[in-house]
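These notes concern the structure reproduced below.
The values are calculated or read from the model by the stated rules, or taken from the named source; none is laboratory data. This structure is a prediction, so every number in the text was calculated from the model and none was measured. Backbone-built Cβ (ideal geometry, glycine too); neighbour counts: all protein chains shown. Keep in mind that these areas ignore ligands, DNA and RNA; they rest on the heavy atoms of the full protein, side chains included. Shrake-Rupley method; radii C 1.70, N 1.55, O 1.52, S 1.80 Å.
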Amino acid sequence: IVALVTVKPEYTEALAAQFKELVKASRAEEGNISYDLHQEIGKPNRFVFVENWKSQAAIDAHNASEHFQGFVKAIDGKTDALEIVLMEELSV
């Protein structure tokens, strides 16, 4: 999963801190393989999450988790764009 989140500039700093907490909690989930957060160079209000999960069940559990639901609430009304890209790894 790649999630591209463009936040409204006035929320960049506050949401960046919340996003880091989301990463920490998500990495601790049983079905997580990797969960990384990036910030676009030259465009600090654009964040990219790159996630890898063991199964669809792990993704479903993540989406239902308290920390993910908190993320959903935290970004409500504070984003200019949100894109979720589901992918299948071919390089293994």
Here are 84, 1, 33, 41: which of them is surrounded by fewer than 10 Cβ atoms within 10 Å (Cβ to Cβ) and modelled with pLDDT of 95 or more? 41
Which residues, counting only those in the range 1-43, are polar (S, T, N, Q), out of contact with any Lys or Arg (no Cβ under 9 Å at 6 or more places or on another chain) and closer than 17 Å to residue 54 by Cα? 26
Could you say whether any residue in the range 8-18 is touching a residue at least 24 places away in the same chain (Cβ under 8 Å), part of a loop (DSSP other than H, G, I, E, B) and of a type in the set (Ser, Thr, Tyr)? no
Does residue 10 qualify as being among the charged types (D, E, K, R) and open to solvent by 60 Å² or more (accessible area, probe 1.4 Å)? yes
Return the residue satisfying two criteria in turn: it lies in the range 19-30 and is acidic (Asp, Glu) and not in a helix (DSSP H, G or I), and of such residues it is surrounded by the fewest Cβ atoms within 10 Å (Cβ to Cβ). 30
On the given criteria, is residue 59 of a type in the set (Val, Ile, Thr), touching a Gly at 6+ places or on another chain (Cβ under 8 Å) and in contact (Cβ under 8 Å) with a residue 12 or more places away in the chain? yes
Which residue, of 68, 49, is surrounded by 11 or more Cβ atoms within 10 Å (Cβ to Cβ), assigned to a helix (DSSP H, G or I) and under 11 Å from the mean Cα position of the chain (by Cα)? 68
Report every pair of residues separated by at least 6 positions or lying on different chains whose Cβ atoms are under 8 Å apart, first residue within the range 64-78 and among the aromatic types (Phe, Trp, Tyr), second surrounded by 10 or more Cβ atoms within 10 Å (Cβ to Cβ) and part of a helix (DSSP H, G or I). 68/22; 68/26; 68/62; 71/18; 71/19; 71/22
